[in-house]
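To start, the structure under review is shown below, and the notes come after it.
The values are calculated or read from the model by the stated rules, or taken from the named source; none is laboratory data. This structure is a prediction, so every number in the text was calculated from the model and none was measured. Don't worry about glycine lacking a Cβ; one is built from the backbone with ideal geometry, like all the others, and counts go over all protein chains shown.
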Amino acid sequence: MTTQRKEFPEGAVLVIGGSGGAGEAICGRFAELGSDVVLTYHRNEARAAQVVAAVQAKGQRAQAWQLSMSDLDGVRRTLAAILAQGRIHTVVIAAGSDIAQPPIRDLDVAQWRAVIDADLNGFFAIVQATLPHLKAQGGGSYVHVSSAGMHRWPEGDVLSVAPKAAIDSLLQGIAKEEGRFGVRANSVAIGVIETGIFLRLWQDGTFDDKWRDAVQRNLCLKRWGQASEVADAVAFLASNRALYTTGQVLSVDGGYGV
């Protein structure tokens, strides 16, 4: 008789941005694989409640916490309260600012600072708050939902790509420095995923048919990605199937960078 392999250690996954399009799918996938879920949301409390209910319907415990990544003191307080409730085995960073798409030459300094404060400095605060917990529990995992734009620059996407590139560099530092304590750190670099910010930019006309045709010409797989495909990659990197994988970036981009 074979014993079913557990996908994750005991405890819960913490999904920062779990009420977003990709974040919701990630929460659901972890629940399907047997993990409890703690998620954060920025403004959309109703959507977060729906994600909690969906996780609970899969037989796992779930809760949602409001979190603004630009409020660094608030990040520390909220995460301290979450960690006081029990073990977190994985921290997934799936949050992202709903950003404009200016070329670098037209980028306003205030826009730049706002995104850096929320995305990059917010990530730094999350790591400082959670890393001692992971180490004290004998290890754990960080998984960052990053951007395929690092491999092929998409014009007008500096506010998304630049902070994510910095986060990926920090993750490699975490992998190098903390691996001896059982802490792993990886990223999933996503291309155009048919959810979240992409849908808003499509609906408001920022992305049009000409843009669609140009992007899809650069894809080996001539379609957009799905949130479930991002969730599968994130769950794999966090799971016991990837215990010897750290400091890596897994591309889920339909071949955009090829």
>> If I go through region 66-100 residue by residue, how many of them are in contact (Cβ under 8 Å) with a residue 60 or more places away in the chain, within 20 Å of the chain's Cα centre (by Cα) and surrounded by fewer than 18 Cβ atoms within 10 Å (Cβ to Cβ)?
In response: 2
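Where in region 129-226 are there helices (runs of 4 or more DSSP H), lying wholly inside it, with at least 1 residues that are at pLDDT 95 or above? Walk me through it before giving the result.
Working: elements: 158-178, 196-203, 209-217.
Hits in region 129-226: 158-178.
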>> What pairs come out if I take residues in region 228-241 that are touching a residue at least 40 places away in the same chain (Cβ under 8 Å) and buried (at least 18 other Cβ atoms within 10 Å of the Cβ) and pair them with residues that are among the aliphatic types (A, V, I, L, M) and in a helix (DSSP H, G or I) whose C-beta lies under 8 Å away, six or more apart or interchain?
In response: Val230/Ala22; Val230/Ala25; Val230/Ile26; Ala231/Ala22; Ala231/Ala25; Ala231/Ile26; Val234/Ile26; Ala235/Ile26
> Restricted to region 123-166, and to residues that are of a type in the set (Lys, Arg) and touching an Asp or Glu at 6+ places or on another chain (Cβ under 8 Å), which residue is nearest to Ala227 (Cα to Cα)?
Replying inline: Lys164
>> Name the single residue that is surrounded by the most Cβ atoms within 10 Å (Cβ to Cβ) among those in region 47-65 being under 28 Å from Gln111 (Cβ atoms) and of a type in the set (A, V, I, L, M, F, W, C).
In response: Ala48
>> Filter region 221-247 down to the residues that are more than 12 Å from the chain's Cα centre (by Cα), small (Gly, Ala, Ser) and over 22 Å from Lys176 (Cβ atoms) and list them by number.
In response: Gly225, Ser228
>> Give all pairs with beta carbons closer than 8 Å in which a residue from region 167-179 that is charged (D, E, K, R) meets a residue that is surrounded by fewer than 16 Cβ atoms within 10 Å (Cβ to Cβ); count only pairs at least 6 apart in sequence or on separate chains.
In response: Glu178/Lys135
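Restricting attention to region 129-140, report how many residues are farther than 13 Å from Leu67 by Cβ and under 17 Å from the mean Cα position of the chain (by Cα).
Filtering region 129-140 for residues farther than 13 Å from Leu67 by Cβ gives 131-140.
Now narrow it down to the ones that are under 17 Å from the mean Cα position of the chain (by Cα): 131, 140.
Here the count works out to 2.
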